[in-house]
Amino acid sequence: MASVVLLRAANVGGTNVFRPADLAKALKRLDVVNIGAAGTFVVRASASAAAIRQQFLAEMPFDPIMAVQPGRDVIALVRSRPFKDVTFSRDLRAWVAVMTGRPEHKPVWPLSTPPGAGWYVRFDEIRGPVALGLVRRHPDRPINVGKSLETALGVPVTLRWWETIEKIVRILES
């Protein structure tokens, strides 16, 4: 069974810097596919989450926070079409955040920041270890969706844009 590995806060702002393509090469025994520079990988070899985590950690130059998800769960999420009624644009994007533990807080969904119709980040739902929502472009500053979500849930998350999740599924299904 294939798996998806998502690293939290890798190659961001000069911290936890590494070369994902080099890591994928070093883990060729797991048939790893690197997706971009943020620490997103598809592991096509059949291995347990614990074994994948151990082998990634052995090759990493730092100790990352890591989420390992079964590929079938990521495929099921995309097939469920959670954003089917949303028209994406440059100013409106969807995100998926994998929680790295059990949430300490249970907010009422949907939750918006700031509250009301003028929101920039909206948290729509939790499905198992995954939180889903939308973000609107702020006219003056970037929005840190992950930080907002971590505050709301009380647990570290690793966040990816919906289009990255769709790309992961294309690789899993190829």
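Of note:
- The angle between the Cα long axis of helix 162-173 and the longest principal axis of the Cα atoms of the chain comes to about 30 degrees, rounded to the nearest 10.
- Degrees separating the helix 49-59 axis from the principal Cα axis of the chain, which is the longest one: 70 degrees
- Whole-Å distance, taken between Cα centres, linking the range 139-174 and the range 40-68: 19 Å
- Estimated 222 nm signal from helices in the chain, with DSSP H stretches of n ≥ 4 weighted -39500 (n - 2.57), rounded to 500: -8000 deg cm²/dmol
- Taking every alpha-carbon pair in the range 83-162 and binning the separations at 10 Å intervals from zero gives 19, 56, 24, 1 percent.
- Relative to the Cα centre, the charge distribution of the range 3-122, modelled as +1 at Lys and Arg Cβ and -1 at Asp and Glu Cβ, gives a dipole magnitude of about 300 debye.
- Computed over the alpha-carbon pairs of the range 3-75, the distance histogram in 10 Å steps reads 21, 60, 18, 1 percent, short to long.
- Residue pairs exceeding 27 angstrom between C-alpha atoms, taken from Lys25/Lys147; Lys84/Lys167; Lys106/Lys147; Lys84/Lys106; Lys25/Lys84: Lys25/Lys147; Lys25/Lys84.
- Projected label distance in nm at Thr100 and Ser46, using a 7 Å step from Cα toward the beta-carbon: 3.0 nm
- Coil-residue trypsin sites (Lys or Arg not before Pro) of the range 96-168, DSSP, other Cβ within 10 Å capped at 15: Arg137
Rule-based calculations on the coordinates, nothing more; no lab input. As the structure is a prediction and not an experimental result, all values here were calculated from the model. Here the Cβ is made from the backbone with ideal geometry for all residues, glycine too, and neighbour counts use every protein chain on show.
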